[in-house]
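All of the numbers you see were taken from the coordinates with simple rules; none came from a lab. On a predicted model such as this, the values are computed, not experimentally measured, just so you know. Ideal geometry is used to build each Cβ from the backbone, glycine not excepted, and the neighbour counts take in all protein chains shown.
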């Protein structure tokens, strides 16, 4: 191979010989260094290459284009490659290892940058996604609502939604959740909504603990962000609610609730009082969960999340549900059927006991407005839906019902060792006490109801 000293002019003027795919101009200064020209005619048709032998193998390595590499730099690179070969190392393997190391370093760098720049909102979404399958629908939605930014059009009523208590923290980086910042947030929220602020603090605490348990986010939040004295002092201490129907209020309450035009809402409110169930448990009741023959209701349970719980279906409540089933199974009129047909839809009875034609999921979602109107009409103090649950437990004491029986019907956790391990009351034993409570409530409400007639009607139910 003829060798010449590579110069800028020779590099510039060198071209591929006619009839060949590539030609080489070998440097006389550094063995193995050459300028290669190809016949492709592309913009980068020239490149510096290095050729040498490693053991029995011949190798050729591209250094780069003259547009990027000067002659001096190309010679220095060729000498470096030759030194590697002299040491018995393959430059190609060295380059591959260096490339992989660079990629790994780049990935680690991007991961670190992403980790350090992660906002509370981003990680909050991951937190909710990780727990969605384990949480109840209500519990999951509570987390969504507490962190919502607000400003959206309300689904019910007029106006825009209000930002959740956790919304001010969502834009922050995890590393910015300093105790001083959290304490200030708590004090601001506690001024207008102390109960929500306290709930949000507990959910934020659980969220931070989850972050510390995952390597992706561990160590980003300061260790004492929720346990610092300034933060704990800022947590509001909301008073326990005590709204409850008194014995003398049962009659006006029943009279006003029974006058509610919507029979679904009227029956739903009475069902809450007569069973002490949680509002979501009763709202999620399906017709498949109602056994008229054996007199039982199968409720989803906050404690027994997998199996739920079975409680007695008392006579008066059964009569209310029978009327709802009759209404539910009655087909719409001809005009409504035609409207459905025009939309390509067919009519089917609702699977929900407390159904709603306007709710997105088909079941009752917001009975509080009608309840508040009924309370106002009866001149009764404001009573929450959970207050109806509290009323059942309180009124049951008038009938001297054992505390464990009330707890089992309402789905409370056992409060004593005996209750937890040695009490398994059958449904009929619960029924004896439950029917006694219902009969007492109806008597105090002056409701003319004959359970014997109701029982005969239930036996005829298919």
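Tabulated values for the structure
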| read-out | value |
| --- | --- |
| Taking the stretch 278-350 and dividing mean pair separation by its residue count, relative contact order in percent (alpha carbons under 8 Å, at least six apart) | 18 percent |
| Between helix 179-192 and the chain: long-axis angle, C-alpha atoms, 0 to 90°, nearest 10 | 30 degrees |
| Per-q log10 I(q)/I(0), the stretch 247-459, q = 0.09, 0.15, 0.16, 0.18 Å⁻¹ (Debye; single scatterer per alpha-carbon; no solvent) | -0.38, -1.01, -1.14, -1.40 |
| Euclidean distance of C-alpha centroids, the stretch 219-259 and the stretch 427-446, integer Å | 29 Å |
| Histogram of C-alpha separations across the stretch 142-187, 5 Å bin width, % | 5, 20, 22, 22, 15, 8, 6, 2 |
| Pair residue 119, residue 291: separation of 7 Å Cα→Cβ label points (nm) | 5.2 nm |
| Relative contact order of the stretch 170-311, pairs being alpha-carbon contacts under 8 Å that are 6 or more residues apart, as % | 18 percent |
| Debye intensity ratio I(q)/I(0), log10, the chain, q values 0.06, 0.09, 0.13, 0.14 Å⁻¹ (C-alpha model) | -0.52, -0.78, -1.25, -1.32 |
| Ranked list, fewest to most other Cβ atoms within 10 Å of each Cβ, for 61, 409 | 61, 409 |
| Difference of contour (0.36 nm per residue) and Cα-Cα distance, residue 232 to residue 343 | 34.2 nm |
| For 170, 59, order by how many other beta-carbon atoms lie within 10 Å, fewest first | 59, 170 |
| Taking the chain and dividing mean pair separation by its residue count, relative contact order in percent (alpha carbons under 8 Å, at least six apart) | 11 percent |
| The chain: calculated mean residue ellipticity at 222 nm from DSSP helix runs of at least 4, using -39500 (n - 2.57) | -15000 deg cm²/dmol |
| Ranking of 449, 207, 292 by count of other Cβ atoms within 10 Å, fewest first | 449, 292, 207 |
| Cα convex hull of the stretch 118-247, projected area averaged across orientations, nm² | 10.3 nm² |
| In degrees, nearest ten, helix 427-444 long axis to first principal axis of the chain (Cα) | 60 degrees |
| Over the stretch 371-411, volume per residue of the alpha carbon convex hull, in Å³ | 71 Å³ |
| Mean projected area in nm² (Cα convex hull; one quarter of hull surface) for the stretch 302-356 | 5.8 nm² |
| When the stretch 3-113 is reduced to its Cα atoms, the Kirkwood hydrodynamic radius in Å | 15.5 Å |
